[in-house]
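None of the figures in this text is laboratory data; all of them are computed from the coordinates on show. If you're wondering where the values come from, they're calculated on a predicted model, not measured in any experiment. Note that we place each Cβ from the backbone using ideal geometry, even for glycine, and neighbour counts take in every protein chain shown.
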């Protein structure tokens with residue numbers, strides 16, 4: 001069976017330029033560890049903010065897909081606390097905050113191995129019937 005997300009920029013393993021994030025589910029979280037190369041930098045050694053936003057969005061979407069069904073992002077607010085550097089391992093965790101019919105609120109954060117917060121996001125998603 002072909003993975004329907006195999007070409008996804010964030011998690012698709014068949015996307016040649018993608019991030020290739022691999023998620024697992026722990027308690028009520030979607031979790032992925034990642035280390036990105038310099039090709040994803042905006043400034044030297046600093047991962048582009050759009051890429052960071054993509055990673056946070058994907059973590060929120062993954063837990064929603066896992067628990068509630070496929071959803072699309074309606075609104076997202078991202079806070080960048082510290083620069084995320086290339087060739088350094090981080091972890092992203094997404095969780096559901098609330099569900100009201102087809103509207104789901106979610107949160108995600110990126111931390112390093114010491115638990116230091118680098119970026120976080122809050123999002124509103126709509127369940128879609130695809």
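At q = 0.20, 0.21, 0.24 Å⁻¹, what log₁₀ I(q)/I(0) does a Debye calculation on the Cα points of the stretch 24-127 give, no solvent, two decimals? For the stretch 24-127, the Cα-only Debye profile gives -0.94, -1.01, -1.22. Here the stretch 1-55 and the stretch 83-106 have alpha carbon centers that stand 12 Å from each other. Both radii come from the Cα set of the stretch 16-60: Rg as radius of gyration, Rh as Kirkwood radius; their ratio Rg/Rh reads 1.01.
Using packing as a proxy for protection, rank 106-114, 4-12 so that the peptide with the highest average count of other Cβ atoms within 10 Å comes first.
On the way: 106-114: 18.0, 4-12: 15.8.
So the order, starting with the most tightly packed, is 106-114, 4-12.
Beta bridges from DSSP with both residues in the stretch 24-127: antiparallel share about 100 percent, rounded to the nearest 5.
Mean separation of Cα pairs under 8 Å and 6+ residues apart, divided by the residue count of the chain: what relative contact order is that in percent? The partial results should precede the final answer.
Working: 295 pairs, mean separation 30.5, N = 130.
Worked out over the chain, it gives 23 percent.
Each residue, residue 75 and residue 87, gets one label point 7 Å from its Cα in the Cβ direction; the gap between the two is 4.1 nm.
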